[in-house]
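Here's the structure we're looking at; comments come further down.
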Amino acid sequence: MRQILIVEDETRLAAFLQKGLRKNGYLTDLAEDGEQAVEKASNKEFDLMVLDLGLPIKDGFTVLRELRSKGKKLPVIVVTARNDDQDKAKAIRCGADDYLAKPFRFQDLLSRISEHLLLVKS
């Protein structure tokens, strides 16, 4: 089973993501701030990360930079309320593989997760 790290400080959204991903056959773990995200992703193997940008302690951009500087290559899909081209470009420069603005359809997230996991497999 594929393991996904959800990095989201908004409790209701994190619970929604966990429930939906588990229902679709994924194992999940949760980090509520950027520091937890870096620690968990550094110490455990995940197949993919769903990352919010507006996090306490370390923001999503910092998380991306730190993980990429450590050589972590897991696909990262940014899911954020920031819907501007500059933030999207910055996230991609920092190492994000995809970018999805809130609000989003859960099916769109599932499609992107499947696509990125297929890319990693091949």
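The values are calculated or read from the model by the stated rules, or taken from the named source; none is laboratory data. None of these values were measured; they are calculated from a predicted model. Methodologically, a virtual Cβ is constructed for each residue, glycine included, from the backbone with ideal geometry; neighbour enumeration extends over all protein chains shown. Keep in mind that these areas ignore ligands, DNA and RNA; they rest on the heavy atoms of the full protein, side chains included. Shrake-Rupley method; radii C 1.70, N 1.55, O 1.52, S 1.80 Å.
Listing for the model above:
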{"quantity": "Global form of the chain, assessed from the alpha-carbon gyration tensor, a/c cut-off 1.5", "calculated": "rounded"}
{"quantity": "Accessible surface of the chain [probe 1.4 Å, protein heavy atoms]: carbon and sulfur percent", "calculated": "48"}
{"quantity": "Long-range amide H partners of residue 99 with built H, under 5 Å", "calculated": "78"}
{"quantity": "Residue 28 long-range amide H proximity, modeled H, under 5 Å", "calculated": "4"}
{"quantity": "Per-residue SASA entry for residue 106, accessible area with 1.4 Å probe, Å² rounded to 10", "calculated": "40"}
{"quantity": "Where trypsin sites (Lys or Arg not before Pro) fall in DSSP loop in segment 78-110, at most 14 other Cβ within 10 Å", "calculated": "105"}
{"quantity": "Residue with peak Gaussian network fluctuation, the chain [Cα springs, cutoff 10 Å], from 80, 11, 62", "calculated": "11"}
{"quantity": "Structure-based [θ]222 nm, the chain - -39500 (n - 2.57) summed over DSSP H runs of at least 4, per residue, nearest 500", "calculated": "-15000 deg cm²/dmol"}
{"quantity": "Segment 1-70: C-alpha gyration tensor shape, a/c 1.5 cut-off, then a/b vs b/c", "calculated": "oblate"}
{"quantity": "Solvent-accessible area per residue for segment 1-120 (1.4 angstrom probe, square angstrom)", "calculated": "53"}
